[in-house]
Structures are given as C-alpha cells and as structure tokens.
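Notes to accompany the following structure.
The values are calculated or read from the model by the stated rules, or taken from the named source; none is laboratory data. Predicted model, so just to flag it, every value in this text is computed and none were measured. Don't worry about glycine lacking a Cβ; one is built from the backbone with ideal geometry, like all the others, and counts go over all protein chains shown. Heavy atoms of the whole protein, side chains included, go into the accessibility calculation; ligands, DNA and RNA do not. Shrake-Rupley method; radii C 1.70, N 1.55, O 1.52, S 1.80 Å.
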Amino acid sequence: MIVRSGLFHKKIVLASIFCCLCFITLAQDSLLTGLNDNTIYDTRFRSVELYRTGAILSDPIIEIDNAETLTCTFDELYPENESYYSTVIHCNADWTTSELVTTEYLAGIPEGLIENYEPSLSTYIPYHHYEFTFPGKDFELLISGNYLLMVYTLTETGEKDIRFTRRFMV
C-alpha cells in the first residue's frame, strides 16, 4: 500500500508540473500575439466601435482602391481629454504582425492625432467621446489584407502606451 500511494503521489506531482508548464507556454503565446486582437488595455475606455463609414452595423471591411473609409468611435471615462494617436499595422493571415516595411503597405503619414472629440454634458460620470475616420487625406493603404488599428498615447519618454486595438480587413 505504501509503495502504491507513493507512486500515485509521484504521478499527481508530475501531472501537476506538466499542466503548469502547458499553462505557462499558452500564457506566453497569448502575450506575444495579444497585440493583434480586439483588445482594450485601459479600463477607462468603453464602447469601442470600428465599422465601415455610413454603416454602423457593418464589419470593418473596406475595398482597396476605393473611396471607402472606416470610422472608429470610443468613449473615455475621464473628466479631462488626452492626446490620442492612431496607427495601422499590417498583419498576416493568422493576424501575426507581418514583416512588411510600413512603406510597402501604406503611403503617407502612418500615425495621426485624433482631434475630433466632445466632452459629456450633465452626466453623472464625466467622459469624452472620440471619433475619427481613416484612411483619408493623411494616408492610403496600398495592399489588401488584414490590418490592426492601434490607438495609443505617448509617454514622457516618447514610447507608445497602447489603449486599445481593433482588427479590420481591406
């Protein structure tokens, strides 16, 4: 009996170690690919929407070489407005970041300041509603494929502090 319970205990310990290693591997994989998903990284952001301009219920898909644009809207639950920027990243079919240089998939200035916002009026929780469309006069997408919209602020050191990401297709 003692030998069997010792063997059973070893099997449980080995199975636990195996499960932990699997979990750590999956967690690392999700951290590496987490950027290329529809994710909100800051809890102050709500109601993030991305759709074809003029069709609020549409999927974020536009045709290349067309005048179609996408509209992004979001609310920030914060009494003061901040400066937010947006950029577009090209992705592979599995939504991993592609190895293309920005100039291979985009013509113009890839990063832009989001200037269109309105503060809330007479609300219990103060917020700002932001809205912008792209592509537009600042840049044009050159190739079709999967893309990631990234909205961020700049830290004091000039690094990007990502607030949310949204997938779209061209």
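Per residue, how large is the accessible surface of region 53-157? Use a 1.4 angstrom probe and give square angstrom. Working shown, then result.
Values: 6240 Å² over 105 residues.
Normalised by residue count, the accessible surface of region 53-157 is 59 Å².
For region 117-146, chymotrypsin sites (Phe, Trp or Tyr not before Pro) meeting the loop criterion (DSSP other than H, G, I, E, B) and having at most 15 other Cβ atoms within 10 Å: Tyr124.
Count neighbours as other Cβ atoms within 10 Å of each site's Cβ, and list the GluC sites (Glu not before Pro) in region 61-170 that are DSSP loop with at most 11 such neighbours. If you can, show how the numbers build up before the last one.
On the way: sites: Glu63, Glu68, Glu76, Glu80, Glu82, Glu99, Glu104, Glu111, Glu115, Glu131, Glu140, Glu156, Glu159; in loops: Glu63, Glu68, Glu80, Glu82, Glu99, Glu111, Glu115, Glu156, Glu159.
Here the sparse-neighbourhood loop sites are Glu63, Glu80, Glu99, Glu115, Glu156, Glu159.
What's the carbon and sulfur percent of region 116-170's accessible surface, probe 1.4 angstrom, rounded to a whole number? With neighbouring chains kept in place, the figure for region 116-170 is 50 percent.
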